[in-house]
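Below is one structure; the comments refer to it alone.
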Amino acid sequence: MFKLAVFVSGRGSNLKAIVSQIKSGNLTAEVAAVVSNKENCGAIEFAKKENISAYVVSENKEGTKKTYKELLELFKQQNINLIVLAGFLKKIPNDFVKAFQDKIINIHPALLPSFGGKGMYGINVHRAVFNSSAKVSGATVHFVDEIYDNGKIIDQICVDISNVESPEEIAEKVLKAEHELLPRVISNFVHNKIKLKNNRVYLS
Ligand code: GRF
């Protein structure tokens, strides 16, 4: 079975979308672990309810929390195939990124390479998009490298925002699109359809 570790910091609607696609048989994968930097958040509560192993990560050893080094060992032992950042707000340490090169993906709620980078998360992104008067927004799934929102783009989805009246309205439309995009990208990984060629990512 293709094994996922999903990193979260908030309400976990993308995690729920993944689990829902697995349950309905559209995604042949297993969420083997959920990791958060927060002990209490919607995503962690959901993971516990679903009997998914949930871990809290911290940079330094602290009580029952796991360090990135411990998670690295654990994921290697468990043969985790893909790490999915789904609303994880902390920067992943470089050593961890290197250890899972091309095996960590992130979903960003805008069309990268615009509206990304440090501080561009949550409503900040949608506010910037709204203020730019852009007519389309969307979501991007990309590989994670050492720089925020910088890795190669794997797939994107667009939404028409020509008539929206608030950043919140954009957020709502984009989130719905994210729930379609992320399980689709994961499924392409499961079926080994993501290929690197000419320094670009292709879906074969
Ligand atoms: C999503 O908009 C995602 O793109 C961003 O953080 C948000 C997480 O939402 N990285 P949720 O916790 O999955 O509901």
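Here are the numbers:
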| read-out | value |
| --- | --- |
| Filter result (part of a loop (DSSP other than H, G, I, E, B) and among the polar types (S, T, N, Q)) within segment 89-108 | 101 |
| Residues located in segment 1-35, provided they are among the small types (Gly, Ala, Ser) and near the ligand (Cβ under 10 Å from one of its atoms) | 9, 10, 12, 13, 17 |
| Candidates 50, 39 - the one that is surrounded by 14 or more Cβ atoms within 10 Å (Cβ to Cβ), within 16 Å of the ligand (Cβ to nearest atom) and not hydroxyl-bearing (Ser, Thr, Tyr) | 50 |
| Some residue of segment 65-76 being within 16 Å of the ligand (Cβ to nearest atom) and surrounded by fewer than 19 Cβ atoms within 10 Å (Cβ to Cβ) | no |
| Enumeration of residues in segment 165-177 that are within 20 Å of the chain's Cα centre (by Cα) and either surrounded by 15 or more Cβ atoms within 10 Å (Cβ to Cβ) or not acidic (Asp, Glu) (or both) | 170, 171, 173, 174, 175, 176, 177 |
| Which numbered condition residue 146 fails, given (1) in a loop (DSSP other than H, G, I, E, B); (2) over 18 Å from the mean Cα position of the chain (by Cα); (3) not basic (Lys, Arg) | (2) |
| Boolean, residue 162 is over 19 Å from the mean Cα position of the chain (by Cα) and either among the polar types (S, T, N, Q) or assigned to a helix (DSSP H, G or I) (or both) | yes |
| Flag if residue 188 is exposed (fewer than 15 other Cβ atoms within 10 Å of the Cβ) and at pLDDT 95 or above | no |
| Residues of segment 87-122 classified as more than 12 Å from the ligand (Cβ to nearest atom), in contact (Cβ under 8 Å) with a residue 12 or more places away in the chain and of a type in the set (Lys, Arg), total | 3 |
| Qualifying residue in segment 109-116 (condition: assigned to a helix (DSSP H, G or I) and over 16 Å from the mean Cα position of the chain (by Cα)) | no |
| Pairs, first crowded, with 24+ Cβ neighbours inside 10 Å in segment 1-17, second hydroxyl-bearing (Ser, Thr, Tyr) and not in a helix (DSSP H, G or I), C-beta under 8 Å, six or more apart | 7/36; 8/36 |
| Residues of segment 15-36 that turn out to be out of contact with any strand residue (DSSP E or B) (no Cβ under 6 Å at 6 or more places or on another chain) and not β-branched (Val, Ile, Thr), as a count | 9 |
| Counted residues, segment 121-167 - those being over 19 Å from residue 86 (Cα atoms) and not aliphatic (A, V, I, L, M) | 12 |
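The values are calculated or read from the model by the stated rules, or taken from the named source; none is laboratory data. For clarity, every value in this text was computed on a predicted model and none was experimentally measured. No Cβ is skipped: glycine too gets one built from the backbone with ideal geometry, and neighbour counts run over all protein chains shown.
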